């Protein structure tokens, strides 16, 4: 059933030209009980915060209508999201849509590089927070 849902999600994303990549993440993939399906989108170009939100809502509604049984879909646009969140989505999630495979590889490589640059700062901040 989950594989069928993954296929339905991928097909529902095809008409959305701005969607370059889509990752499923969260409890749906982990085989646990889930209330909503979490979907992270990488857009080919970032339209800005307000348009980003509206686009995510539009995509979410389309995906909800496309899957059976119907489930709530929680869409997050990864463009502009914190590097730590993007990395967690890619690390623990599954790419269910890639308009171009080359773009997926480039995005994941660039993101991993960014994360490795940021990780020491993140670790230091965690350490400082725990001391406080």
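Just so you know, all these numbers are worked out from the coordinates, no wet-lab data involved. It should be emphasised that the depicted structure is a prediction, and the values quoted were computed from it without experimental measurement.
Things to note:
- Estimated from helices alone, the mean residue ellipticity of the chain at 222 nm is -18500 deg cm²/dmol (sum of -39500 (n - 2.57) over DSSP H runs with n ≥ 4, per residue).
- Cα long-axis angle, helix 101-131 against the chain (0 to 90 degrees, to the nearest 10): 40
- Top of 35, 71, 61 by mean-square fluctuation, Gaussian network on the chain, Cα under 10 Å: 35
- Nearest-ten-degree value, helix 2-13 long axis tilted from longest Cα axis of the chain: 90
- Note on the chain: antiparallel DSSP beta bridges, both residues inside, total approximately 60 percent of the bridges counted.
- You can think of it this way: the chain between residue 122 and residue 45 has 25.0 nm of extra reach, that is 0.36 nm per residue less the Cα-Cα gap.
- Highest-fluctuation residue, 92, 112, 121 considered, GNM on the chain with Cα pairs under 10 Å: 121
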